[in-house]
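What follows is a single structure, written as structure tokens, with notes after it.
Each reported figure results from applying straightforward, stated rules to the coordinates on display, with no laboratory input. Computed from a predicted model, the values in this text were never measured in an experiment. Glycine also receives a Cβ, built like all others from the backbone with ideal geometry; neighbour counts cover every protein chain displayed.
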Amino acid sequence: MQLIARFALRRQASSSEFMAGVCLVSGGAVHLRHKSARMLQALVRDGATQDVSILAEGDDLVGQCSCGSGPGEVCRHQVAATHAAWLQLSADE
Ligand SMILES: [Zn+2]
């Protein structure tokens with residue numbers, strides 16, 4: 001799921017938000033709270049701490065973030081959460 005998520009988010013996020021999200025991950029700003037096949041929850045420190053959740057619905061990903069990004073919008077915190085989960089998954093294998 002994480003692999004799919006990564007590419008789906010890359011497609012939905014603007015490239016600047018995508019890069020900002022990857023930077024947050026390398027800066028250690030992401031704390032994964034919950035990770036399952038269908039859901040991901042994370043806290044992302046970016047000035048304030050943002051509460052991010054990503055749900056897999058079929059082939060679609062529905063992300064929510066406390067920073068106030070609109071529906072269908074993919075903010076850097078959502079990118080960061082998904083990217084961090086993907087990295088952790090690759091490290092586990
Ligand atoms: Zn956000």
Descending packing, highest mean Cβ count within 10 Å first, for 66-75, 80-89 is 80-89, 66-75
What list of ³J(HN,Hα) couplings, whole Hz, do you get for region 9-25 from phi and the Karplus terms 6.51, -1.76, 1.60, once you set θ to phi - 60° and write x for glycine and proline? 5, 4, 6, 7, 7, 5, 5, 5, 5, 4, 5, 4, x, 5, 5, 4, 5
Can you work out the Karplus-derived ³J(HN,Hα) for every residue in region 35-52? Use 6.51 cos²θ - 1.76 cosθ + 1.60 with θ = phi - 60°, whole Hz, and x for glycine or proline. 9, 9, 5, 10, 9, 9, 10, 8, 10, 10, 7, 8, x, 7, 8, 9, 9, 10
Say a paramagnetic label sat at a point 7 Å from the Cα of Ser26, along Cα to Cβ; which residues of region 75-93 have their backbone N under 15 Å from it? 80, 83-84, 87
So what is the calculated 222 nm ellipticity per residue for the chain, using -39500 (n - 2.57) for each DSSP H run with n of 4 or more, over all residues, to the nearest 500 deg cm²/dmol? -13500 deg cm²/dmol
How do 56-64, 42-50 rank on mean C-beta neighbours within 10 Å, highest first? 42-50, 56-64
Out of all Cα-Cα pairs in the chain, roughly what percent, to the nearest whole number, are more than 18 Å apart? 33
